[in-house]
Amino acid sequence: MSVSFKGVTENTHRAVIRTVKPETSSHNGMITKTQRPVVRKVVRPVGGLAEYEASDQTTLDGVAVALHVLEKRMDLLEDQNITKADHVAHFARTPQAYDPVPSPSPHISLQQVMTCSQHTAVEKTIYMSCDQYESIVDEIRAIMTEFGNTVTNNHSKLADFAGCTLRAAGHDFMDFRDNAGGSDGCLRFEDPDNKGLINCLNGNSTVVTDADTDSFNKSLHSVYQNHCGVVSLADFIVIAGEAVMGFTEVSATVDLKEDFKASFRYGRTTSATCANNVALPNPANGCADNEQTFLASNALHLSWRETAALMGVHTIGKASPENSGFSGWWQDEQNVARFNNNYYISIVNHGWGPEDSVGGKKQWGRIDFRHDDPNSLHPEMMLNTDMCLVYTNVTAELSNCCAWERLGDLQHMNITETYENKSIFCGSTDNPADFAAEQLMCCGPPDLYGVSMGACAHEGSATSYVTGGASLVPQGPATDAVHAFAGNEDLWLGEFKAVWKLATEKGAGTLTALQCECQVTVYEHWPEGIPSGLSDLAAAEQAWGGRFPTGAKKVLTGIGNHSLGTLSNLTSSVKIQGDCCKAYAYTTADCSGAPADHPIESEVQYLNGLPLGVVTPATGLASVWGCNDCAQCVKVTQQCTR
Ligand code: HEM
């Protein structure tokens, strides 16, 4: 059955949005936007015959009401006939892929998926320059550039790739407990909320078999190959998350790409076993699981405001029935590939009610007027863990309430949403007259007994901000934060950056900022952090009893001439860091005269197994600087030709 009906009168607010079940025909087996079935089962009573009989069928409005009641009844009957195949078709998935129930599988670590073919993967990054960080980001940006940023019929390769990558990075650190876990490159692939991650990570679903239909022609694995010899997987996954956020961010004033680079610190260790990896929060458990994951003192130990700031990542990407069993987007269609504050605006400026997801789980779906998507072609949803930030004690499983707020209150908090250049509230551009009119817009028409759906938020007093009736005052633990972020995107981005840093650094031990300006360290003996057992260093290591004493050292920062002072004629090893930096040695205290043979360069690897830019006696400082223990002054230059 295919009936499409949208309410006739805007001014009486009796407009009705009807769910549409499409014709079964398709083009080449593909379901197009106009045909794509939309299935929503709103858990609330629908209009009945009493309302139908009571309707005045001699007026246009009356006929609209009567039709609406009949349609609701057809909806109900259709819903009862919805088959699993319908659900699958909704997301144009193959029936075989549909499996919202987690299937038991052995624990597979991220390392097994993100292999390092050319080198031995480093467990911990010893040194990373700005340049190296930028190369990783740029290579990931190149993949995304190829996807383009068009969204057609809900399909956006960019959103799929960015969502998948960011999910990998975020869901990695959420297992931090008792000082273990965190951003350590460990993911439980068998967790339903992590299903489908293989697509952007490796693209090869022979190791992890839960790929969803979002396949990509390139994956993070191809980028990782270029860096896995020097950058740990744990660091790489965080950088990948930063790359996709920087690429999809749209703020006119905040430059996430630059900001992330400026505050990134490297040195996370990739966990070899992932033995202590704990399960992700269960979305159904709402704020109890937010507390366990984000607030608990043995976990990330964040505040509610920080938790809310972090959850804004769900502004990218979607939930899929064959992965988590939830289904839909947290944002409207034009925002699926934008890292903006649309997530917060959606929570408070839409009307939400409990519904069954097409994957068979309980979630929150839009029950408002939804003139911005009248045929429900872009199903939007929220999880209990999202809604509980604002609304107390509500779950899609047990609550039968409508989550909405008063228009005047939202406007007062500077929370606005536009659709086709017009202000929109609960999916409508109408100008509601009072509480009842707003309630109708946000929660739909009353049930067959004429009873409107109760609000999830408490009724407060009548404020001067709202027109007609009381304010609705939600009292969730992060209500203020969600309002603030919904009203000011840059405020959110600022707080998000801080909590992202906190969350991705938790439990990682000592981390080091990227070396963006040149820094030269001269050592009396050896650079610190050299692992023993390198064949080329074996003789030197033996001579020093298996240890590498650093001795006296001096750090020279920035370009220019640096006199070595007390280390004159003592230097045996040198480390130079920073992008495109070179260090020339002189045997004069003021760097006058000609420099020694060759400069030491920050981007040259002088000994296999050592970081770039490190020269030790075994490789012969003499062979680069012309002599050992004879430098008195070092001239540092920085010139990138790229
Ligand atoms: C209470 C906390 C959280 C819960 C319960 C949760 C749960 C989920 C679920 C169920 C999905 C849908 C997966 C699918 O069906 O494909 C999802 C997707 C996603 N999650 Fe989370 N998540 C949480 C926190 C986070 C955090 C902290 C981040 C990142 C910092 C994050 C990033 C994402 C992203 C970007 C997606 C979209 C994935 C895509 O489009 O492929 N999540 N999450």
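The values are calculated or read from the model by the stated rules, or taken from the named source; none is laboratory data. Model, not experiment: these values are computed from the prediction. Note that we place each Cβ from the backbone using ideal geometry, even for glycine, and neighbour counts take in every protein chain shown.
Here are the numbers:
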| item | result |
| --- | --- |
| Boolean, Asn149 is in contact with a Ser or Thr (Cβ under 6 Å, 6 or more places away or on another chain), touching a residue at least 12 places away in the same chain (Cβ under 8 Å) and farther than 24 Å from Glu505 by Cα | no |
| Selection status of Asn298, touching a residue at least 12 places away in the same chain (Cβ under 8 Å), polar (S, T, N, Q) and more than 10 Å from the ligand (Cβ to nearest atom) | yes |
| Residue list for the range 418-460, filter: at positive phi, small (Gly, Ala, Ser) and at pLDDT 90 or above | Gly427, Gly444 |
| Flag for Cys640 being buried (at least 17 other Cβ atoms within 10 Å of the Cβ) and either assigned by TED's automatic domain parsing to the domain that holds His525 or in a loop (DSSP other than H, G, I, E, B) (or both) | no |
| Residue list for the range 468-521, restricted to those being among the hydroxyl-bearing types (Ser, Thr, Tyr) and not in a helix (DSSP H, G or I) | Ser471, Thr510, Thr512, Thr521 |
| Test: residue in the range 408-416 that is in contact (Cβ under 8 Å) with a residue 40 or more places away in the chain, farther than 24 Å from Leu389 by Cα and out of contact with any Ser or Thr (no Cβ under 6 Å at 6 or more places or on another chain) | no |
| Residue that is surrounded by 18 or more Cβ atoms within 10 Å (Cβ to Cβ), over 27 Å from Phe294 (Cα atoms), among the small types (Gly, Ala, Ser) and within 12 Å of the ligand (Cβ to nearest atom), where the choices are Ser219, Ser156, Ser129 | Ser156 |
| Pair list, Cβ under 7 Å, 6 or more apart: the range 188-201 residue among the acidic types (Asp, Glu), other residue within 9 Å of the ligand (Cβ to nearest atom) and in a helix (DSSP H, G or I) | Asp193/His171 |
| Qualifying residue in the range 256-276 (condition: in a helix (DSSP H, G or I), closer than 28 Å to Lys157 by Cα, out of contact with any Lys or Arg (no Cβ under 8 Å at 6 or more places or on another chain) and not basic (Lys, Arg)) | yes |
| Extreme residue, surrounded by the most Cβ atoms within 10 Å (Cβ to Cβ), among residues of the range 426-443 that are out of contact with any strand residue (DSSP E or B) (no Cβ under 8 Å at 6 or more places or on another chain) and in a loop (DSSP other than H, G, I, E, B) | Cys426 |
| Verdict on Arg167 being surrounded by 17 or more Cβ atoms within 10 Å (Cβ to Cβ) and either away from the ligand (no atom under 16 Å from the Cβ) or not in a helix (DSSP H, G or I) (or both) | no |
| Cross-chain or 6+ apart pairs with Cβ under 7 Å, the range 160-175 first and under 18 Å from Leu295 (Cβ atoms), then near the ligand (Cβ under 8 Å from one of its atoms) and in a helix (DSSP H, G or I) | Gly170/Gly241; Gly170/Val313; His171/Asp193; His171/Asn194; Phe173/Ala503; Met174/Thr293 |
| Every residue from the range 522-535 that is farther than 29 Å from Ala180 by Cβ and either touching a Ser or Thr at 6+ places or on another chain (Cβ under 7 Å) or assigned to a strand (DSSP E or B) (or both) | Val522, Tyr523, Glu524, His525, Trp526, Pro527 |
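Condition check ((1) of a type in the set (Ser, Thr, Tyr); (2) within 16 Å of the ligand (Cβ to nearest atom)) across all residues:
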site	(1), (2)
Thr115	yes, no
Met144	no, yes
Asn179	no, no
Asp212	no, yes
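So that you can scan it fast, the table gives a plain yes or no per residue for (1) away from the ligand (no atom under 15 Å from the Cβ); (2) more than 30 Å from Pro611 (Cα to Cα); (3) not assigned by TED's automatic domain parsing to the domain that holds Thr120:
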residue	(1), (2), (3)
Asn204	yes, yes, no
Ser232	yes, no, no
Phe236	yes, no, no
Lys261	yes, no, no
Val278	no, yes, no
Cys287	no, yes, no
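Okay, residues lined up against (1) part of a loop (DSSP other than H, G, I, E, B); (2) buried (at least 24 other Cβ atoms within 10 Å of the Cβ):
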position	(1), (2)
Ala284	no, no
Gln292	no, no
Ser297	yes, no
Ala308	no, yes
Gly353	no, yes
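Residue by residue, here is whether (1) surrounded by fewer than 22 Cβ atoms within 10 Å (Cβ to Cβ); (2) modelled with pLDDT of 95 or more; (3) not in a loop (DSSP other than H, G, I, E, B) holds:
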| position | (1), (2), (3) |
| --- | --- |
| Leu187 | no, no, no |
| Val208 | no, no, no |
| Ala243 | no, yes, yes |
| Val254 | yes, no, no |
